[in-house]
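Step one of this worksheet: look at the structure below.
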Amino acid sequence: MLPLGTDDLKTLLTHVVRWLANLGRAHAERRQASVTAVREVILVARRTATYLRHVEQTGQQDVHQEQDLAERWTRLGFAMQDLGLGKLAKRCDIRGRAWADPAQFTAEFIEKADVSLDAIERLAQQALRDAGS
């Protein structure tokens, strides 16, 4: 093994400092992306609540809105799974599947799955608190 000179040590130290700075920046970016994804759950829950209120008030359903909700909830399920938020991922997935085809689940299953918008939003808010946001 060859001895390291002063210049070699400076170069090595510079690389280590840059690597640590990049690592810290990457961690902060991942954390922000996670917070953004969890916040999207809250936004979609509120969008869903607004749509349901519209249907209740007018009696008119909109298949395009329902298709959009199915896609949004499904994407959120994938994102929450990627973040390791299993409970939230499962609930988002069930919501997405239910919007795509409401007949696939019984009312009993939906109740036991606890996929109410309030329950989902509470889980998302808890995830945000856990992330320090």
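Taking region 105-133 on its own, how many of its residues are surrounded by 13 or more Cβ atoms within 10 Å (Cβ to Cβ), β-branched (Val, Ile, Thr) and at pLDDT below 95?
Final tally of qualifying residues: 2.
Which residue pairs have Cβ atoms closer than 6 Å, lie 6 or more positions apart in sequence or on different chains, and pair a first residue in region 93-113 that is of a type in the set (Val, Ile, Thr) with a second residue that is surrounded by 11 or more Cβ atoms within 10 Å (Cβ to Cβ)?
Ile94/Ala113; Ile94/Val115
If I filter region 61-84 for residues that are outside any helix (DSSP H, G or I), in contact (Cβ under 8 Å) with a residue 24 or more places away in the chain and out of contact with any Lys or Arg (no Cβ under 6 Å at 6 or more places or on another chain), do I get at least one hit?
Taking every residue of region 61-84 in turn, at least one turns out to be outside any helix (DSSP H, G or I), in contact (Cβ under 8 Å) with a residue 24 or more places away in the chain and out of contact with any Lys or Arg (no Cβ under 6 Å at 6 or more places or on another chain).
What number of residues within region 89-104 are surrounded by 15 or more Cβ atoms within 10 Å (Cβ to Cβ) and either modelled with pLDDT under 95 or in contact with a Gly (Cβ under 7 Å, 6 or more places away or on another chain) (or both)?
4
Yes or no: region 42-55 includes at least one residue that is of a type in the set (Gly, Ala, Ser), at pLDDT 95 or above, within 16 Å of the chain's Cα centre (by Cα) and closer than 25 Å to Ile120 by Cβ.
Applying the first criterion (of a type in the set (Gly, Ala, Ser)) to region 42-55 yields 45, 49.
Now drop any that are not at pLDDT 95 or above, which leaves 45, 49.
Checking the rest, the ones that are also within 16 Å of the chain's Cα centre (by Cα) come to 45.
Those left that are additionally closer than 25 Å to Ile120 by Cβ: 45.
Yes.
The values are calculated or read from the model by the stated rules, or taken from the named source; none is laboratory data. On a predicted model such as this, the values are computed, not experimentally measured, just so you know. Because the Cβ atoms are built from the backbone with ideal geometry, glycine has one as well, and the counts that use them run over all protein chains shown.
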